Every structure is written in C-alpha cells, then in structure tokens.
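Trainee: Below is a structure I'd like to ask you about.
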Amino acid sequence: LGMAGQRLARKLEVPLVASYHTPSGEYAEYVAFNGTVESVVQAGAESYERWFLDRAAVVVAPSERTADHIRETVGTDTRLEVISNGVDTDFFRPVDTAAFRERHDLPDGPLVGYTGRHGYEKCLEDILDACESLDVTVVFGGDGPAREYLEAVAAARDLDVRFLGFLDRAELPELYAALDVFAFPSPVETQGLVALE
C-alpha cells in the first residue's frame with residue numbers, strides 16, 4: 001500500500017506523507033526460526049523502512065516514543081510530526097454495565113480484561129500468568145490468530161476465563177467500564193488505541 005501511495009504521489013507530483021504505526025522489525029522473531037535469521041529479517045525490515053520513509057516529505061508518528069524509534073532505530077532524516085490518535089471522550093465514558101454483564105454472562109466479581117487483536121506478539125498469555133493466583137474473571141474481547149492457543153492455555157489452568165469474541169464498537173464503552181483492570185501486555189505498540197479508549 002505504501003509503494004502504491006509513493007507511485008501515486010510521484011504521478012500526481014504531490015508530497016508523500018507517510019504514517020508510521022508498525023515497527024516491522026519487532027515482528028522478526030515471529031517469522032524467523034533462529035537468531036541469525038531473526039537478525040537478518042529485523043535489519044532488512046528496518047532498512048526497507050528507512051528507504052521508504054526517506055522518500056516521504058513528512059512522517060506522522062502517533063507518539064513521541066514512536067518518533068524516537070523512527071529517528072534512532074530506523075534512522076530516517078525525514079521531517080517527523082507527532083499526531084496522537086484521538087479518542088472520542090463523549091463515546092468512551094463510564095456507562096452502566098449491568099446489561100453488558102448479563103448479555104455476556106459475566107459474574108459480579110472483579111474482572112481483568114483485554115480487547116483487541118489476539119496476536120502472539122501481544123503477549124496475552126502474560127495476562128493469564130498474572131491472574132493465576134487471583135480470584136478474578138479474565139475477559140478477552142476480540143479475535144485473532146492466537147485465540148485458539150489462548151483458549152487451550154486457559155482451559156489447562158484453574159482460571160475463570162471468558163472469550164467474548166469480536167465486539168461491536170458500540171459495546172466497547174460497556175466492556176471498559178465493566179473491567180476492574182484493563183491489561184495490555186503488548187510490547188509492540190506504537191500507541192495502543194484501546195489503552196487510550
């Protein structure tokens with residue numbers, strides 16, 4: 001998609017503005033089978049990012065931390081602008097949760113939860129590890145490639161874990177308000193939107 005945008009900008013003779021949201025080098029361990037291959041994949045990803053971003057007129061990053069990564073790790077000299085992802089605070093506000101709890105058969109006790117893509121890189125098993133000795137119900141909203149694995153791990157442990165699947169956006173304020181703790185163990189975020197919500 002970025003290459004298509006680059007070609008279109010060149011064709012229309014307009015500046016290319018790139019938005020940086022995924023440090024692809026951090027995903028190298030998920031496609032590599034050993035440390036050497038991982039290093040090569042990571043270096044290749046960062047080299048490609050630098051090559052691509054060097055051709056943009058400006059790069060938009062969602063946080064200062066991401067801008068620092070672009071400057072220090074990717075190493076581009078392109079102008080950077082930090083524009084945080086916004087959150088609709090009229091929509092994402094505390095709401096009554098009784099109907100949500102009933103609809104999803106959630107108990108009255110403490111809830112620890114997460115919603116978002118269930119990817120292996122998100123380290124969602126860490127939530128199960130952290131809650132293993134606690135008297136809480138763990139709630140996972142969303143879906144993704146790691147869901148089946150998480151369900152198997154949860155089934156093998158003495159935990160009350162509920163997988164709600166994909167939630168309609170209208171339900172997210174209810175989920176967030178129902179949780180006593182929102183857990184977000186992912187180390188690969190440029191700016192976790194669900195944490196802001």
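Trainee: I'm checking my understanding of the structure. Among residues of segment 50-69 that are hydrophobic (A, V, I, L, M, F, W, C) and out of contact with any helix residue (DSSP H, G or I) (no Cβ under 7 Å at 6 or more places or on another chain), which one is surrounded by the most Cβ atoms within 10 Å (Cβ to Cβ)?
Mentor: Let us first name the residues in segment 50-69 that are hydrophobic (A, V, I, L, M, F, W, C), namely 51-53, 56-61, 67.
If we keep only those that are out of contact with any helix residue (DSSP H, G or I) (no Cβ under 7 Å at 6 or more places or on another chain) as well, we get 51, 56-58, 60, 67.
Working: Trp51: 11, Ala56: 22, Ala57: 12, Val58: 14, Val60: 16, Ala67: 18.
Filtering segment 50-69 for residues that are hydrophobic (A, V, I, L, M, F, W, C) and out of contact with any helix residue (DSSP H, G or I) (no Cβ under 7 Å at 6 or more places or on another chain), the one surrounded by the most Cβ atoms within 10 Å (Cβ to Cβ) comes out as Ala56.
Trainee: Does Leu193 qualify as being touching a residue at least 60 places away in the same chain (Cβ under 8 Å) and open to solvent by 40 Å² or more (accessible area, probe 1.4 Å)?
Mentor: Numbers: touching a residue at least 60 places away in the same chain (Cβ under 8 Å): yes; open to solvent by 40 Å² or more (accessible area, probe 1.4 Å): yes.
Considered against the rule, which asks whether it is touching a residue at least 60 places away in the same chain (Cβ under 8 Å) and open to solvent by 40 Å² or more (accessible area, probe 1.4 Å), Leu193 comes out as yes.
Trainee: Which count do you get for residues in segment 88-108 that are on the phi < 0 side of the Ramachandran plot, exposed (fewer than 13 other Cβ atoms within 10 Å of the Cβ) and part of a loop (DSSP other than H, G, I, E, B)? Full working, then the answer.
Mentor: The initial filter retains those residues of segment 88-108 that are on the phi < 0 side of the Ramachandran plot, namely 88-104, 106-108.
Checking which are exposed (fewer than 13 other Cβ atoms within 10 Å of the Cβ) leaves us with 88-91, 93-94, 96, 98-99, 102-103, 107-108.
When the remaining residues are screened for being part of a loop (DSSP other than H, G, I, E, B), the result is 88-91, 93-94, 96, 107-108.
Result for segment 88-108: 9.
Trainee: It is to be established whether one or more residues within segment 154-177 are of a type in the set (Phe, Trp, Tyr) and open to solvent by less than 30 Å² (accessible area, probe 1.4 Å). Break it down into steps so the answer makes sense when it comes.
Mentor: Of segment 154-177, the ones of a type in the set (Phe, Trp, Tyr) are 163, 166, 176.
Now drop any that are not open to solvent by less than 30 Å² (accessible area, probe 1.4 Å), which leaves none.
No, segment 154-177 has no match at all.
Trainee: While we're on this one: Test Ser19 against the stated conditions and say whether it is open to solvent by less than 30 Å² (accessible area, probe 1.4 Å) and closer than 30 Å to Leu175 by Cβ. Spell out the reasoning first.
Mentor: Details: open to solvent by less than 30 Å² (accessible area, probe 1.4 Å): no; closer than 30 Å to Leu175 by Cβ: yes.
Here the answer is no, as Ser19 does not meet what is asked.
Trainee: Same structure, new question: With Glu46, Glu72 as the choices, which residue is in a helix (DSSP H, G or I) and either within 28 Å of Pro145 (Cα to Cα) or β-branched (Val, Ile, Thr) (or both)?
Mentor: Numbers: Glu72 fails: either within 28 Å of Pro145 (Cα to Cα) or β-branched (Val, Ile, Thr) (or both).
Just a single option satisfies the conditions, and that option is Glu46.
Listed here are the residues, each with its yes/no results for (1) in contact (Cβ under 8 Å) with a residue 24 or more places away in the chain; (2) over 19 Å from Val138 (Cβ atoms); (3) among the polar types (S, T, N, Q); (4) touching a Lys or Arg at 6+ places or on another chain (Cβ under 8 Å).
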| position | (1), (2), (3), (4) |
| --- | --- |
| Val58 | yes, yes, no, yes |
| Thr66 | yes, yes, yes, no |
| Phe92 | yes, yes, no, no |
| Asp105 | yes, no, no, yes |
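Trainee: May I pose another question? Kindly provide the set of residues from segment 128-148 that are closer than 23 Å to Asp108 by Cβ, open to solvent by 10 Å² or more (accessible area, probe 1.4 Å) and in a helix (DSSP H, G or I), ordered by number.
Mentor: Result: Ala130, single match.
Trainee: Can you tell me which residue in segment 155-179 is nearest to Tyr120 (Cα to Cα), limited to those that are over 21 Å from the mean Cα position of the chain (by Cα) and not in a loop (DSSP other than H, G, I, E, B)?
Mentor: Out of the qualifying residues, it is Ala155.
The values are calculated or read from the model by the stated rules, or taken from the named source; none is laboratory data. Values in this document were obtained by computation on a predicted structure and should not be read as measured data. Because the Cβ atoms are built from the backbone with ideal geometry, glycine has one as well, and the counts that use them run over all protein chains shown. Heavy atoms of the whole protein, side chains included, go into the accessibility calculation; ligands, DNA and RNA do not. Shrake-Rupley method; radii C 1.70, N 1.55, O 1.52, S 1.80 Å.
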